[in-house]
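For reference, the structure discussed in these notes is given below.
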Amino acid sequence: MLTNGCGGERVSTMTTAGERVALPGAGRLPMVSVVMPVRNESRFIVQSITSVMEQDYSPHRLEVVVADGRSTDDTRDRVQQMQTRYDNLYLVDNPQQVMPSGANIAIQKASGDLILLLGGHSAVPPDYVRRCAQRLVELDADCVGGALETVGEGYVGGAVALAMSSRFGVGTASFRTAGREAEPRETDTVAFGLYRREVFERIGGFDEELVRNQDDEFNVRLTQSGGKIWLDPSIRSLYYSRAALDSLWKQYFQYGYYKIRLIQKRGAVPSWRHVVPASFLLALIAGLVATLITGNPLWSGLVLGPYLAASAGASARIALQSGASYLPLLPLVFLTLHLGYGCGFLAGIFRFGVIERGLEEEE
């Protein structure tokens, strides 16, 4: 049972595994459940939920299930306050306090034929649900998502948002870099995807071992099972970036760290862009070691020089479009992204590939 905080109860319903539910244009509107696993999101949670409640989709066919990871700020209080205005807003507890467990709990409690995974650090325009649902039937897809409009608060947050929206910053992650005019395409992963309920029945839920990259792992599992994920760049959502370099470093370190576990579990590298930061870091270390051994600084410059030149060029292009004030900070943001991810990737190799293998051999 699931309560809405106002005394009501209802029973979750499930579609038959493998059955294609009725989508817009093929019968009545399907029920859509927006699941939001959150923890300590008091700054953004109200606008995130409000953006869903303002969808141009029938409110009687839409619900929001927030799984709170026992927030230590007033996130939970804010959600409960909003429940007095919305009877289709539900709050459940996530005792494990991490995103994959929260998503799984919310999905189990949800009653939708379609499941939209949305973060508490984000917001969607009024047509997001409707257009994703329409694309699902038009493309016969298992998941459809749009591209991210990354925004940041303050000077540092603004620079981070710009770097995370550039190909030099995040490589071929098309859901971050694709422009509105780009054509819809089949892809390996999307942010804030709308999934058919049957997908979770067929391949299971999110892997709760993965603190980060759980959505990437799920999408790799989906495509390996023959599922189709589509990105429509004309459908947009907002993502609020980190506003400090230390939190950005931690975020990207964890991305790199858990990417190794994803690769181990799925037996494949989702995209070679994930290997580039660690390769750069290893080449940089090799150049520094060669310089120390030979006393010749040219060895370090072989890697560092081209990188700094490319970073300066990318920063200049962005600054010309978005403001010259960002020019001094962007190279540092790029370095934080790349070294954070690269260090995490190498740490993940050591942790999951060396230590755990050694422990398994001892057993």
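Remarks
- Region 272-362: C-alpha gyration tensor shape, a/c 1.5 cut-off, then a/b vs b/c: oblate
- Helix 99-109 and the long axis of the chain differ in direction by around 10°, with both axes built from C-alpha atoms.
- Across region 2-243, Cα pairs under 8 Å and at least six residues apart give a relative contact order of 25 percent.
- Compared with the dominant Cα axis of the chain, that is its longest principal axis, helix 276-294 is turned about 20°.
- By the count of neighbouring beta-carbon atoms within 10 Å, fewest first, Thr72, Thr189 end up ordered Thr72, Thr189.
- Residue-by-residue Karplus 3J(HN,Hα) for region 205-214, coefficients 6.51, -1.76, 1.60, Hz, glycine and proline x: x, 7, 6, 7, 6, 8, 5, 10, 6, 5
- The alpha carbon centroids of region 124-200 and region 275-315 are separated by 33 Å.
- Of Ala244, Asn104, Phe206, farthest towards positive along the dipole that unit charges on Lys, Arg, Asp, Glu beta carbons give the chain: Ala244
- Listed values (i) 21.6, 74; (ii) 19.6, 62; (iii) 20.1, 66, entry calculated as Rg and Dmax of the Cα atoms in Å: (i)
Where a number appears in this text, it was derived from the coordinates with a stated rule and is not lab data. None of the values given here were measured: they were computed from a predicted structure. Cβ atoms come from the backbone with ideal geometry, glycine included; neighbour counts cover every protein chain shown.
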